[in-house]
Structures are given as structure tokens and as C-alpha cells.
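Participant: Just dropping this structure here.
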Protein chains: 2
Amino acid sequence: MIAKTPQPPYYAVIFTTLLSDNLEGYAETAKRMEELAQEQPGYLGIESARADVGITVSYWETLDAISAWKNNVEHTEAREKGRTQWYKKYVLRISKVERAYGFEN
Amino acid sequence: MIAKTPQPPYYAVIFTTLLSDNLEGYAETAKRMEELAQEQPGYLGIESARADVGITVSYWETLDAISAWKNNVEHTEAREKGRTQWYKKYVLRISKVERAYGFEN
């Protein structure tokens with residue numbers, strides 16, 4: 001799904017990952033985190049795809065909304081499992097969306 | 001591949017797409033555009049994945065570098081084919097990366 005975001009400015013968290021070989025519990029937690037993110041104040045949408053890398057982009061109204069989501073207890077526990085078990089490598093980038101263009105046939 | 005980007009600030013172009021049923025020539029052009037992007041001044045890296053949506057994030061030193069790539073003739077022709085043939089829908093977001101964190105096991 002392509003996220004239906006408002007006019008910029010807003011924020012995008014670009015989370016790019018390489019998975020490890022130990023994915024026990026990963027799929028359930030990833031799904032739960034997507035659901036939980038949607039309940040957070042300032043959440044605008046999410047887009048996710050995986051090939052050799054996984055890319056998940058979540059969109060937020062403000063940097064404060066991103067910080068609050070980062071500090072969510074269940075999310076913090078999931079990140080700890082990510083670091084110790086599921087991910088071989090990741091990069092997380094916090095960016096401010098300045099312009100956006102769309103097209104639909 | 002996860003892009004090896006420098007310390008922020010830099011720019012991310014987040015390109016999220018839904019494909020049409022008419023993909024003749026798409027794979028070759030997508031590959032060519034990735035190669036051509038890498039030759040552009042100010043190019044920093046690219047990440048790409050596809051599930052039900054495709055997400056390609058390219059990273060650039062400046063907004064001017066993004067504009068120059070947008071105006072590249074071969075890229076402009078490819079975008080036209082994208083709009084008329086390959087894509088059912090897309091959203092392109094230009095964002096400024098303000099912070100980045102990495103992790104590697």
C-alpha cells in the first residue's frame with residue numbers, strides 16, 4: 001500500500017534492514033509493530049517491501065511523534081529483539097519530507 | 001544492499017510505486033536507471049525492494065543534484081514510459097535526512 005500522506009512538511013523514518021538466519025517470532029512482531037505504530041499520535045502512514053534488503057518507511061507529523069514512538073515500551077522491547085536476533089544489519093534514517101508528487105492512472 | 005551514506009545532512013528521494021500489468025521493457029530500464037543514477041554528480045547511494053509496492057530510496061548530496069538527475073534526458077524519457085505504461089500509481093517524496101543510526105552484528 002502507498003501511504004496517503006498530507007501536504008509536506010512531515011517526517012519519514014527510512015528503516016533499511018538485512019535479516020539474520022534466526023527469524024523466530026519476527027513476522028508476528030513486525031506485524032504487531034505496524035499495528036501499534038498506527039495507534040500512535042502523529043502517525044501518518046507506512047510503506048514496506050523486501051527483496052535482498054527490507055525497506056520500511058513510516059511517516060509522522062513531527063519529530064516529537066517519532067521520539068514518542070521510539071520510547072514506546074513494546075516497541076523498545078521489539079527493537080532489542082531486532083538487534084540481538086533478527087537483524088544482521090540495519091540503518092535508520094530520520095528525514096523531513098519537503099516536497100511530494102503523486103501520479104495515478 | 002544498504003547504502004553507505006555519509007553523516008547527515010543529505011537528501012533522500014523516496015519513490016513508492018504500484019506496477020501496471022504492462023511491464024514490457026521495465027526491468028531493463030529500471031536497471032539502466034540505477035546504473036545511470038550512480039554516474040550523476042552528488043549521488044550517494046540507492047536502496048530498492050518490492051513486495052505489493054516497490055520502494056526505491058536514492059540518496060543525494062544536495063537538492064541541486066536531485067534536480068539535475070530529474071532533468072537528465074534519458075531519465076526523463078524513462079519517467080515518461082513509467083507514467084504512460086509501467087506504473088499504475090506512484091508517489092515521489094523528496095526529504096532531507098537529518099539523523100541516521102546504524103547497527104551491524
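Participant: In percent, how large is the relative contact order of chain A, given Cα pairs closer than 8 Å and 6 or more residues apart?
Facilitator: 46
Participant: Using helices alone, what [θ] at 222 nm do you get for chain B, with -39,500 (n - 2.57) per DSSP H run of 4 or more residues, divided over all residues and rounded to the nearest 500?
Facilitator: Dividing the helical sum by the residues of chain B leaves -9000 deg cm²/dmol.
Participant: If you put a point 7 Å past Cα along the Cβ direction, how far is that point for residue A:50 from the same point in each other copy, in nm, smallest first?
Facilitator: Label-point separations across copies, in nm and ascending: 1.8.
Participant: In what sequence, largest accessible area first, do A:74, B:24, B:80 appear using a 1.4 Å probe?
Facilitator: Most to least solvent-accessible, the answer reads B:24, B:80, A:74.
Participant: What are the nm distances, shortest first, from residue B:72 to its equivalents in the other copies, labels at 7 Å along Cα→Cβ?
Facilitator: 3.7
Participant: Other chains' Cβ within 10 Å of A:12-20 residues: what's the mean?
Facilitator: Partner Cβ neighbours, averaged per residue: 4.
Participant: Which of the DSSP-defined H helices in chain A satisfy a minimum axial length of 24 Å, computed from C-alpha atoms, and a minimum mean Kyte-Doolittle hydropathy of 0.5? Don't skip to the end; give the middle numbers.
Facilitator: Details: long enough: none.
Long hydrophobic helices here: none detected.
The values are calculated or read from the model by the stated rules, or taken from the named source; none is laboratory data. It should be emphasised that the depicted structure is a prediction, and the values quoted were computed from it without experimental measurement. For neighbour counting, all protein chains shown are included, and Cβ atoms are generated from backbone atoms with ideal geometry for every residue, glycine included. Just the protein is used for accessible areas: all its heavy atoms, side chains included, with ligands, DNA and RNA removed. Shrake-Rupley method; radii C 1.70, N 1.55, O 1.52, S 1.80 Å.
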